[in-house]
Amino acid sequence: MKVVTTIKDMQELILKQKSQGKSIGFVPTMGFLHEGHLTLLNRARKENDIVVLSIFVNPLQFGPKEDYAEYPRDFERDRALAESEKVDFLFYPSVEEMYPTSPSVKVTVQERTDVLCGSSRPGHFDGVATVITKFFNIIMPTRAYFGKKDAQQVAVIEGLISDFNIPVNLVAVDIVRENDGLAKSSRNVNLLPTERKEATVLYQSLQAANAAIDKGERDPIKIIDMICEVIGNESSGVIDYVQIYSYPQLKPLEKLEGTIIIALAVKFTKVRLIDNIITKID
Ligand code: PAF
């Protein structure tokens, strides 16, 4: 595995591989890799000749009061994990390499951002879309792999690829969970021990919602109230949002039908967690 820190070297290496007809699988991450990322790498390894992993904590997607400084980082651990997943190139640029000057052009996402994390994290998806556009130009991937935990991110990047005619196939991969149901996230290490126990209620509340839908409940308000009650009763976390939309359009629904996303975000002392389920109602 080769660690690459400059954009120029990365582009040269990729162009060489592409000239030999090799397919490129790309897994963008902010590091502190967990099993969710390893699942993406594993899938990329199976489906492509060359696997590129990027590790870059992108300042552009963090708000001024968000956890950019506290975001966990451990390059040596990540490097060893990447090596064991048979990554070919680990792209690890500095902030100065990615943004040598304050960006003169930024990508602005116009749709699918006024809901879910978009409404409580203004500018977040512009930052994601900007860095992903840069990565797509640097790595030129055949396929790019994203986890469905960030379902809104997947929807936004689908829009980016389609609107800007970017020749890359987006592969959205299912959420990987701990044994007790908590969705794997690099941020989980920042939960206090009591909060870590309580955090299992996030997925439990989503499962309870799913069970109610299976029994015939079609009123989104009732489902949202039910989730808020379960979380409120069993955790000290503060609910940021619990919302239900059509997926991937992210449009509000008066009655539950078609493919829907039930998504939530809960704030704990040092960390805000998100989770969701996407389900099809017949
Ligand atoms: O999902 C993430 O970790 C980030 O939003 C991404 C896609 C790597 C862009 O910085």
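The values are calculated or read from the model by the stated rules, or taken from the named source; none is laboratory data. Quantities reported herein were computed from a predicted structural model and do not represent experimental measurements. Using ideal geometry, Cβ is built from the backbone for each residue, glycine included, and neighbour counts are taken over all protein chains shown.
Data table
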item: Among the residues listed as Glu66, Glu35, Glu85, Glu111, the single one being closer than 26 Å to Glu178 by Cβ and more than 15 Å from the ligand (Cβ to nearest atom); result: Glu85
item: Any hit, segment 64-87, residues being in contact (Cβ under 8 Å) with a residue 40 or more places away in the chain, among the basic types (Lys, Arg) and on the phi > 0 side of the Ramachandran plot; result: yes
item: Residues that are away from the ligand (no atom under 13 Å from the Cβ) and in contact with a Ser or Thr (Cβ under 9 Å, 6 or more places away or on another chain), drawn from segment 139-164; result: Thr142, Arg143, Phe164
item: Matching entry among Glu97, Glu83, Glu47, Glu35 (being of a type outside the set (Lys, Arg) and in contact with a helix residue (DSSP H, G or I) (Cβ under 8 Å, 6 or more places away or on another chain)); result: Glu97
item: Test: residue in segment 45-56 that is in a loop (DSSP other than H, G, I, E, B) and within 16 Å of the ligand (Cβ to nearest atom); result: yes
item: Single condition Val131 does not satisfy, out of (1) touching a residue at least 40 places away in the same chain (Cβ under 8 Å); (2) among the hydrophobic types (A, V, I, L, M, F, W, C); (3) assigned to a loop (DSSP other than H, G, I, E, B); result: (3)
item: Residue within segment 6-23 that is at pLDDT 95 or above, exposed (fewer than 15 other Cβ atoms within 10 Å of the Cβ) and in contact with a helix residue (DSSP H, G or I) (Cβ under 7 Å, 6 or more places away or on another chain) present; result: yes
item: Those residues of segment 165-216 which are assigned to a loop (DSSP other than H, G, I, E, B), within 16 Å of the ligand (Cβ to nearest atom) and closer than 14 Å to Glu35 by Cβ, in sequence order; result: Asp174, Ile175, Val176, Lys184, Ser185
item: Index of the failed condition, Ile55 passing every other in (1) under 21 Å from Val131 (Cβ atoms); (2) in contact (Cβ under 8 Å) with a residue 40 or more places away in the chain; result: (2)
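Conditions tested, residue by residue: (1) in a loop (DSSP other than H, G, I, E, B); (2) within 19 Å of Gln153 (Cβ to Cβ).
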{"position": "Lys22", "(1), (2)": "yes, no"}
{"position": "Pro28", "(1), (2)": "no, yes"}
{"position": "Gly31", "(1), (2)": "yes, yes"}
{"position": "Gly36", "(1), (2)": "no, yes"}
{"position": "Pro64", "(1), (2)": "yes, no"}
{"position": "Asp78", "(1), (2)": "no, no"}
{"position": "Ala82", "(1), (2)": "no, no"}
{"position": "Leu90", "(1), (2)": "no, no"}
{"position": "Arg112", "(1), (2)": "yes, yes"}
